Amino acid sequence: MGRIGGYEHGSLNTFAMDRRHSENEGGQTAVFDTLSSSSLKVAAAGLTARQSAIADNIANIETPGYQARKVKFEESLAHAVRTGAAPSGVTPSVQRSLEPTRLNGSNVNLDQETLSHLDTTMRYQLTLRALDHEYGMLRDAIKGA
């Protein structure tokens, strides 16, 4: 299988439990991480996990008994920001879809997965643009521009 976002395709559980995307090797948050940049990094990681789940769902659309997977992180991230908790503690949760199944027992809906893919792609691009802007401002401040 291929690699997506640095993770083996199909290894969502590994991704959800891995916190390297928000902490350095010593478990410390980076010096220049702001609430905004930390939140954006967590959002990017969650969206990457969602894209991986969508790819898995589409790849298994004809697999008998396959239950689609959904990735959720937005509510936990919003709660962390609202309460002042560290966004880096938020990890995506992978859940099985409760949608009705087809005759073969699979519940993957190609139309729904396609729309979710487009939505997630746009959100990911916006997140990366926001991170780029955040780091651009930091870079300008360091340069004294």
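Here, each number is a calculation from the coordinates, and none is a lab measurement. Please read these numbers as outputs of a predicted model, since none were measured by experiment. A quick note on method: Cβ atoms are made from the backbone with ideal geometry, for glycine too, and the neighbour counts reach across all protein chains shown.
Sorted ascending by nearby beta carbons within 10 Å, beginning with the fewest, Val42, Val94 become Val94, Val42. Amide H contacts for Ile61 (H built 1.01 Å from N in the peptide plane; partners 5 or more residues away or on another chain; cut-off under 5 Å): none found. The GluC sites (Glu not before Pro) found in region 61-93 that occupy coil by DSSP, while having at most 16 further C-beta atoms within 10 Å, are Glu62. Shape descriptor for region 28-137: Rg over Rh equals 1.07 (Cα atoms; Rh from the Kirkwood inverse mean 1/r).
Taking neighbour Cβ counts within 10 Å as the exposure measure, how do Leu77, Leu126 sort from fewest upward?
Leu126, Leu77
For region 72-145, which trypsin sites (Lys or Arg not before Pro) pass both filters: DSSP loop (anything but H, G, I, E, B) and at most 15 other C-beta atoms within 10 Å?
Within region 72-145, the qualifying trypsin sites (Lys or Arg not before Pro) (loop, at most 15 other Cβ atoms within 10 Å) are Arg102.
For Gln95 and Leu138, a Förster radius of 41 Å and the Cβ-Cβ distance give a FRET efficiency of 0.70, rounded to the nearest 0.05.
The calculated FRET efficiency for Arg129 paired with Asn104, based on their beta-carbon distance and R0 = 30 Å, is about 0.15.
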